[in-house]
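Rule-based calculations on the coordinates, nothing more; no lab input. Remember, it's a predicted structure, so these values are computed and weren't measured experimentally. Note: ideal-geometry Cβ built from the backbone for every residue, glycine included; neighbour counts use all protein chains shown.
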Amino acid sequence: MDKIILTDVDGVLLDWEEKFKTWIMRQGYKFNPTYDSHYGINERYGIPHGLGLQLVEKFNSSSDFESLPPWRDSVDYVKKLATEGWQFVAITTAGEHPWTHGLRWSNLINVFGEGVFKSLHVLPIHGDKSVELKKYKDSGLFWIEDKLSNAELGIKLGLQPLLMDAPYNKDYNGAIRRVKNWKEIYSIINS
Ligand SMILES: [Mg+2]
């Protein structure tokens with residue numbers, strides 16, 4: 001079997017939320033801590049319905065989007081896995097702005113280095129990740145995600161999803177294995 005790890009980007013490899021928070025507050029929106037456990041940005045920042053997608057697309061095509069910091073301990077372990085022959089396929093719903101793919105690709109290379117990523121697939125915001133995942137149907141490959149519905153696609157498609165722990169998935173108690181960081185992912189992959 002190919003040594004490929006399928007992975008989401010935001011909330012797994014890169015910390016989108018922290019940078020977005022600073023950016024959206026500069027646009028005049030305020031973080032509402034009551035909704036800290038919500039995934040949707042509309043509740044989190046009091047963004048009027050219908051405007052959220054537009055704002056995310058704007059951020060995801062800005063220079064800030066190119067310099068997102070690494071997520072938790074991702075750098076050390078992703079690099080380690082890469083030196084052990086693993087290649088990463090990143091699947092992200094960052095949106096279809098023509099700049100987004102290039103910005104994200106350069107961010108990933110700057111943070112993790114050359115030769116780590118086999119490919120990057122940028123889908124529409126709220127897009128269906130099974131479009132890419134189905135290419136690996138029944139492969140049993142690892143699929144790293146923080147969004148529960150996307151992790152669940154992995155089950156349906158015969159992959160091995162690992163759910164990255166986050167406030168918005170904390171209530172989940174099902175069959176998908178939860179991980180807190182890449183150190184745990186590393187040990188699962190090597191067990
Ligand atoms: Mg994510």
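Cα centroid separation, segment 130-191 to segment 47-76: 22 Å. As a rough footprinting exposure proxy, the listed residues V131, V111, V12, V56 were ranked by other beta carbons within 10 Å of their own, and the order from fewest upward is V131, V111, V56, V12. For S61, neighbours were defined as the other residues whose beta-carbon sits under 13 Å from its Cβ, and their charges (Lys and Arg +1, Asp and Glu -1) total -2. Footprinting exposure proxy ranking of H126, H101, fewest other C-beta atoms within 10 angstrom first, gives H126, H101. With springs only between Cα atoms under 10 Å, which of P161, P70, P33 fluctuates most in a Gaussian network model of the chain? The residue that fluctuates most here is P33.
Would you mind getting me the FRET efficiency between Y39 and K80? Use the beta-carbon distance for r and R0 = 22 Å, nearest 0.05. It comes out at approximately 0.15. Subtracting the Cα-Cα distance of E17 and Q87 from their residue separation scaled by 0.36 nm leaves 22.7 nm.
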